[in-house]
Amino acid sequence: MSVTTDQKAWNESDRLAALRAYDILDTPREAAFDDIVNLVARVFDAPIAVVNLIDEGRQWFKAEVGLGVRETPLETSFCAHAILMQDRLVVPDATLDDRFACNPLVTGDPGLRFYAGQVLKSAEGLPIGTLCVLDTRVRPEGPTDLQMETLQVLAAQVMSQLDLRRALAGQKQSEAQFRAIADSMPQMVWSTLPDGFHDYYNARWYEFTGVPDGSTDGEGWNGMFHPEDQERAWTRWRHCLESGEPYEIEYRLRRHDGVYRWTLGRARPIRDEAGEITRWFGTCTDIDDLKRSDQAKELLSQELSHRIKNIFAVVSALIALSARKYPEAREFAGAVRTRINALARAHEFVRPHTETSKPTVGSMTLHAFLADLFKAYSELEGLPRIVITGDDATFDDQAATSVALLFHELATNAAKYGALSVEGGRVTLDTRRLDDRFLLTWTETGGPKVAGAPTQTGFGSSLATLSVEGQLGGRLERKWLPDGLQVLADIPATALSRRRAAQNVA
């Protein structure tokens, strides 16, 4: 019977490496493989059938029927020739085949004549052995189509079994590596099924909590939290399970000595190709020392801020007392006091706040800050006399002092000489983000007619220019229009907030 030879596209070292990657050589017999060779022998009505793996210098049988041995020398192997074929090798009469006519297994005991083998190939296409049948009877007609189809199907089953073994071995190795890594981490590591059932904790969890292995599986973990945190943690965890959102929460976790420690809990879902969650992996990190340190810093910051606020009040009071003693300085003292009060309002807006005090101040944005600064100016027919429009921006103490001084001066001058000095006057403050710049345009309308720019520059104007150009790194332009003053402040967008500056650097 003619065969098709394969142009050898592999080398022996690669083939042996592929075989040994299955870690199957010299393992005990297994029913799954024994059943296959028994079935093949019955289908072919042959006395001998083997799952044959070609090792270096030997052929080793994972399963065999009719031989009674687990390996034989490679020199007498039919299968060593079979793996050189494209898919299979069929020998109807070995005595008529030059490759096998002088083989001791043909010329002597047991007197083999017929051979049919289907090549076993690894996932990489490398031949590692055969599923074959042998007979002592000549079969000139060869095997039937059904017999060869059965041989091919069962050979595929052999490879499925081998691939499954390799996959399970790889999974065990991966699990062992994961556990080794997880147990070496300083964080507590845990994992759950898709429904949130906790089925794994690393060694650090048991070391920290001191509970017996397995005692916090399922839903037992929640009992380790401080009673005041349990419902909050449950609510957040259920929400994440339902929505698939990442889990993050701070809670107090009971240590083995009974002390509750602040802990940061985080978890992320693992999804398959279809997007379905297959597991959750999470960590618990002891942040108690960090949290207490942050609380101490916050307390100190609030104390310092409170003292600064008191200093503003004391300085303002001293100026008022001095003005009473020196009436001729009353106007100057009033101007200084209003500027100090503007600085105090800026400080009040950006100083550290508690959860109780924060709502009274508003959001940390430019528009919120300016709206608070302009509260002192009356409304006209229920409408604000200073209208803020345009783009809002993140705002913090980096720019608060300079912005407060600038717009305090503009509002004060408008109230004395400009649009706010008459009943129908108004001011529009438009804020616009243009690429990496932020433009603030102050426009007065409805006030006294403007004849032109003043001949002298006052202290307030110099202070406004210094605030924009010196402190904010921008440019200040004044236009003395007939309908009222217009002031354009062109500043870098990064000047308003440390956060935005850091994002731009990153």
Length gained when the stretch ASP109-LEU84 is fully extended (0.36 nm per residue, less Cα-Cα span): 6.4 nm
Neighbour-limited loop hits for chymotrypsin sites (Phe, Trp or Tyr not before Pro), segment 176-239 (at most 12 other Cβ within 10 Å; DSSP other than H, G, I, E, B): PHE197
Charge sum, other residues only, whose C-beta stays under 11 Å from GLY390's C-beta, Lys/Arg counted +1 and Asp/Glu -1: -1
Virtual paramagnetic centre 7 Å along Cα→Cβ of ALA169, amide N under 20 Å, in segment 44-58: 51-58
Cα gyration tensor, segment 106-145 - rounded (a/c under 1.5), prolate or oblate: oblate
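Using 0.36 nm per residue, how much length does the chain from ASP34 to SER462 gain when fully extended, once their Cα-Cα distance is taken away?
144.3 nm
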Overall form of segment 1-159 per C-alpha gyration tensor (a/c, 1.5; a/b vs b/c): rounded
Net length gained if the chain between VAL69 and ASP213 were fully extended (0.36 nm per residue, minus Cα distance): 47.2 nm
Segment 109-198, relative contact order [Cα under 8 Å, separation at least 6], %: 22
Karplus-derived HN-Hα couplings along segment 38-52 (A = 6.51, B = -1.76, C = 1.60, θ = phi - 60°), whole Hz, x at Gly and Pro: 4, 5, 4, 4, 5, 5, 8, 6, 10, x, 10, 8, 9, 9, 10
Dipole of segment 151-209 [Lys/Arg +1, Asp/Glu -1 at C-beta], most positive-end residue of SER191, LEU168, TRP205: LEU168
³J(HN,Hα) computed for each position of segment 117-128 - Karplus, 6.51 cos²θ - 1.76 cosθ + 1.60, integer Hz, glycine/proline x: x, 9, 5, 8, 10, 6, 4, 8, x, 8, x, 10
Cβ-derived FRET efficiency at R0 45 Å, ASP391 paired with LEU25, nearest 0.05: 0.05
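Greater than 28 Å separation of Cα atoms is the criterion. Which listed pairs, LYS325/LYS416; LYS416/LYS479; LYS172/LYS291; LYS375/LYS479, meet it? Please list the in-between numbers first.
On the way: LYS325/LYS416 25 Å; LYS416/LYS479 18 Å; LYS172/LYS291 39 Å; LYS375/LYS479 26 Å.
In this structure, LYS172/LYS291 lie more than 28 Å apart at Cα.
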Under-5 Å amide H pairs with VAL387, H placed in peptide plane, nonlocal only: VAL427, THR428, LEU429
Order of exposure, largest accessible area first, which applies to HIS256, HIS198, HIS239 with probe 1.4 Å: HIS256, HIS239, HIS198
VAL259-CYS102 pseudo-label distance in nm [points 7 Å out on the Cα-to-Cβ vector]: 8.5
Pairwise label distance in nanometres, ASN222 with ALA180, each label 7 Å out on the Cα-Cβ vector: 3.8
Rounded if a/c under 1.5, otherwise prolate or oblate - segment 192-254, Cα gyration tensor axes: oblate
Estimated FRET transfer efficiency (SER293, LYS325; beta-carbon r; R0 51 Å; 0.05): 0.60
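The values are calculated or read from the model by the stated rules, or taken from the named source; none is laboratory data. This structure is a prediction, so every number in the text was calculated from the model and none was measured. A quick note on method: Cβ atoms are made from the backbone with ideal geometry, for glycine too, and the neighbour counts reach across all protein chains shown. Just the protein is used for accessible areas: all its heavy atoms, side chains included, with ligands, DNA and RNA removed. Shrake-Rupley method; radii C 1.70, N 1.55, O 1.52, S 1.80 Å.
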